[in-house]
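Working notes for the structure below.
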Amino acid sequence: MDDHHHDAHDDHHHHHDNRYSDMQARVRALETVLMEKGLVDPAAIDAIVETYETKVGPRNGARVVAKAWSDPDFAEWLQRDATAAIASLGFTGRQGEHMRAVFNTAETHNLVVCTLCSCYPWSVLGLPPVWYKAPAYRSRAVIDPRGVLAEFGVTLAPEQKIRVWDSTAELRYLVVPQRPSGTDGMGEAELADLVTRDSMIGTGLALAPEGAR
């Protein structure tokens, strides 16, 4: 019997699916026209998207995690009312109105998926990675989370349970990874550098500090 637990909500109502919204369709059409006219370099667009997806966007979430690691009162607030705690740092808006933070421990590892589409907390993690929206991830994360994590290079102790959270249009999740050892004297800015996008989805772990890697 597998040891993972899947949390879904009876009111798992999604207001969108994998097709383009009207706005996305217009943006894609405009992008195509501009590229055809030679006014926009596709490589430049890709670079901008990648930067927002992997660097700029996730920095918000990394700051939230680093503060939770450093400030027990904030961590308690984040666990009790993630929406308000995150908003207090200035990170709020569409796709992140209602948030819940789930904390990794030595006993439990949390993994986030959206089984029906691609609900994702843009305000703290930026753009969702391509694999997050892929049908293979959306189905296998629930059926075989330990196998999926292994493919991401994450090997957990056999006794560590995996809890899978199903993100919805009404509620999105932020995983707070375990704080790495050897970071006692580090400030929030240094700690934030150890927090990766994948660790806040649950498909990765926080980085070890320099000298401990």
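The values are calculated or read from the model by the stated rules, or taken from the named source; none is laboratory data. Because the structure is a prediction, the values reported are computed rather than measured. Neighbour counts run over all protein chains shown; Cβ positions are idealised from the backbone, glycine included. Side chains included, ligands, DNA and RNA excluded: accessible areas come from the protein's heavy atoms. Shrake-Rupley method; radii C 1.70, N 1.55, O 1.52, S 1.80 Å.
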Taking the range 204-213 as the search range and keeping residues that are more than 23 Å from Pro128 (Cα to Cα) and in contact (Cβ under 8 Å) with a residue 12 or more places away in the chain, which one is farthest from the chain's Cα centre (by Cα)?
Gly211
If a residue must be under 26 Å from Lys133 (Cβ atoms), modelled with pLDDT of 95 or more and in contact with a Phe, Trp or Tyr (Cβ under 9 Å, 6 or more places away or on another chain), how many such residues does the range 168-191 contain?
4
The lone exception for Val102 - which of (1) open to solvent by 20 Å² or more (accessible area, probe 1.4 Å); (2) within 18 Å of Gln79 (Cβ to Cβ) it fails:
(1)
Could you pull out every one of the helices (runs of 4 or more DSSP H) wholly within the range 139-205 that has 1 or more residues that are among the β-branched types (Val, Ile, Thr)?
145-151, 197-201
When you scan the range 60-82, how many residues do you find that are within 15 Å of Leu191 (Cα to Cα), crowded, with 18+ Cβ neighbours inside 10 Å and out of contact with any helix residue (DSSP H, G or I) (no Cβ under 7 Å at 6 or more places or on another chain)?
0
Filter pass, Leu194 being within 21 Å of Gly61 (Cβ to Cβ) and out of contact with any Gly (no Cβ under 8 Å at 6 or more places or on another chain)
yes
I'd like the residue in the range 159-203 that is open to solvent by less than 10 Å² (accessible area, probe 1.4 Å) and among the small types (Gly, Ala, Ser) and, out of all such residues, is farthest from the chain's Cα centre (by Cα).
Ala192
If you take the residues in the range 105-137 that are part of a loop (DSSP other than H, G, I, E, B) and open to solvent by less than 10 Å² (accessible area, probe 1.4 Å), which one is modelled with the highest pLDDT?
Cys114
Going through Ser139, Ser181, Ser167 one at a time, which residue ends up being out of contact with any helix residue (DSSP H, G or I) (no Cβ under 8 Å at 6 or more places or on another chain), among the small types (Gly, Ala, Ser) and touching a residue at least 40 places away in the same chain (Cβ under 8 Å)?
Ser167
